[in-house]
Amino acid sequence: MKIGITGTAATGKSTFASLIKKHMPDFSIIELNDVAAEHDLFSGTDKFGTKIVMIEKLTTEINKMLKVKEEENIAIVGHLLPELKIRLDAVFVVRASLEELINREEKRGYQFEKIKENIISEALDYCGVNSTHISEHVYEIESDEEIERALKFIGNGIKGKSQLEMSSKPIDKMPELFSLIKGPNKYKL
């Protein structure tokens, strides 16, 4: 089984991947940021000082890895997943409340404008909307219950018991965004 895990920065992608590894130790976890760093796939930095990844070259490296590990269960993890031209069995979009996202990114030292950009990206579900070319099975997860259901789904999938269908509901962040816009906030939304 080949799955993707994506979401806005600081939503919990790596945490979800670590839960998969804990419950299914034979699963290989491939972090896109690690692959980009290992192969020096950067073309410069953006206005926030974030490294710009060469997407086509990253896609090439990931496709090579998928071919070499054809028989393995693999989770590819990263916010850049929707930008890649690859095919996977399923994609899980990890979501978070906008307030939680702000708190996590502030603790990580993200710049003001980058947090603002990520709030909007999360509210618009950029990763979810743009992952549909990777798999016809795209599932959004946020609550503990949804995470547990996803873990069970993946476990069943690697045992050959899954039909690649999992109940999932879209997660709407627009009411949260509107509340942030209406109320006082330092992000001037």
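Okay, here's what the table says:
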read-out	value
Residues of region 106-135 classified as of a type in the set (Asp, Glu) and buried (at least 21 other Cβ atoms within 10 Å of the Cβ), total	1
Residue match in region 148-160 (condition: touching a residue at least 12 places away in the same chain (Cβ under 8 Å), surrounded by fewer than 16 Cβ atoms within 10 Å (Cβ to Cβ) and at positive phi)	no
Conditions (1) of a type in the set (A, V, I, L, M, F, W, C); (2) in contact with a Lys or Arg (Cβ under 6 Å, 6 or more places away or on another chain); (3) assigned to a helix (DSSP H, G or I): number failed by residue 29	(3)
Residue ID - modelled with the lowest pLDDT, chosen from residues in region 1-26 that are more than 18 Å from the chain's Cα centre (by Cα) and part of a loop (DSSP other than H, G, I, E, B)	26
Odd one out for residue 59, checked against (1) assigned to a loop (DSSP other than H, G, I, E, B); (2) over 15 Å from the mean Cα position of the chain (by Cα); (3) not small (Gly, Ala, Ser)	(1)
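For (1) more than 16 Å from residue 11 (Cα to Cα); (2) in contact (Cβ under 8 Å) with a residue 60 or more places away in the chain; (3) in contact with a Leu (Cβ under 7 Å, 6 or more places away or on another chain); (4) of a type outside the set (Asp, Glu), each residue gets a yes or a no:
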site	(1), (2), (3), (4)
63	yes, no, no, yes
84	yes, no, yes, yes
102	no, yes, no, yes
125	no, no, no, no
138	yes, no, no, yes
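The values are calculated or read from the model by the stated rules, or taken from the named source; none is laboratory data. Since this is a predicted model, take the numbers as computed values, not measurements. Methodologically, a virtual Cβ is constructed for each residue, glycine included, from the backbone with ideal geometry; neighbour enumeration extends over all protein chains shown.
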